[in-house]
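K.L.:
Take this structure first; my questions come after.
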Ligand code: HEM
């Protein structure tokens, strides 16, 4: 029974984690370019319909990844994570896990407010028809997904490294 549950938790962790990375990759290479090229009302439609849904999806995927990762870590260390700190495996998992959890906390508490205010400014600037200011705000908005993609690739590398080498 235990191994079936462990398999389900591990599957949920890997699927949610790589889906989160996939979402951020799609934002960077599909949605942001579309937003940069959109003109007039199209930009407002993207900002008000597509982006809030993407944000909620990241909340679900990131939350599932962090919660299942914690369960896996406690399971593999027999509820005694500190005792396992002598090995390389635990350091790789804890390193990746801490960075991943920090990124998720940033997503929940920081990014939502910052993105919303940039998006609201952008809507205002589009109305006021100031293309240079609109470009500046778009570049600002693109910063979070770019950073998120680099961080998530690093976290996946640490996790796969732990499973592969340690
Ligand atoms: C937040 C973003 C995270 C991503 C994208 C992610 C991704 C992954 C991936 C792809 C694997 C599979 C590695 C493989 O089997 O080759 C994995 C394994 C694992 N992850 Fe994460 N993870 C994240 C966060 C966490 C957190 C917060 C923890 C909790 C400390 C955690 C604990 C684990 C554990 C224990 C494994 C199993 C390693 C093994 O089988 O040896 N992960 N993770």
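Where a number appears in this text, it was derived from the coordinates with a stated rule and is not lab data. All of these numbers come straight from a predicted model, not from anything done at the bench. Note: ideal-geometry Cβ built from the backbone for every residue, glycine included; neighbour counts use all protein chains shown.
K.L.:
Which of the peptides 73-83, 134-144 is most tightly packed, and how do the rest follow, going by the mean number of other Cβ atoms within 10 Å of each residue?
P.N.:
Output ranking for 73-83, 134-144: 134-144, 73-83.
K.L.:
Would you calculate, for the chain, the mean residue ellipticity at 222 nm contributed by helices, counting each DSSP H stretch of 4 or more residues as -39,500 (n - 2.57) and dividing by all residues, to the nearest 500?
P.N.:
After summing the helix terms and dividing by the residues of the chain, the value is -27500 deg cm²/dmol.
K.L.:
Continuing with this model, one more query. Enter the mean projected area of the convex hull around the alpha-carbon atoms of the chain, in nm², rounded to one decimal.
P.N.:
Averaged projected area of the chain's Cα convex hull equals 10.4 nm².
K.L.:
A further question follows. Hey, what angle do you get for helix 51-76 against the long axis of the chain, alpha-carbon based, 0 to 90 degrees rounded to 10?
P.N.:
10 degrees
K.L.:
Let me ask another. Compute the acute angle (0 to 90°) between the alpha-carbon long axis of helix 131-165 and the principal axis of greatest extent of the alpha-carbon atoms of the chain; round to the nearest 10°.
P.N.:
10 degrees
K.L.:
Here's a follow-up. Please report the orientation-averaged projected area of region 1-92, defined via the convex hull of its C-alpha atoms, in nm².
P.N.:
Averaged projected area of region 1-92's Cα convex hull equals 7.6 nm².
K.L.:
What full-extension length gain, to one decimal in nm, is calculated for residue 7 and residue 86 as 0.36 nm per residue of separation minus the Cα-Cα distance?
P.N.:
25.9 nm
K.L.:
On to the next question. Quick check: pseudo-label points 7 Å beyond the Cα along Cα→Cβ at residue 153 and residue 37, how many nm apart are they?
P.N.:
Taking the two extended label points, one gets 2.3 nm.
K.L.:
For helix 2-26, what angle does its Cα long axis make with the longest principal axis of the chain, in degrees from 0 to 90 and rounded to 10?
P.N.:
Helix 2-26 sits at roughly 20 degrees to that axis.
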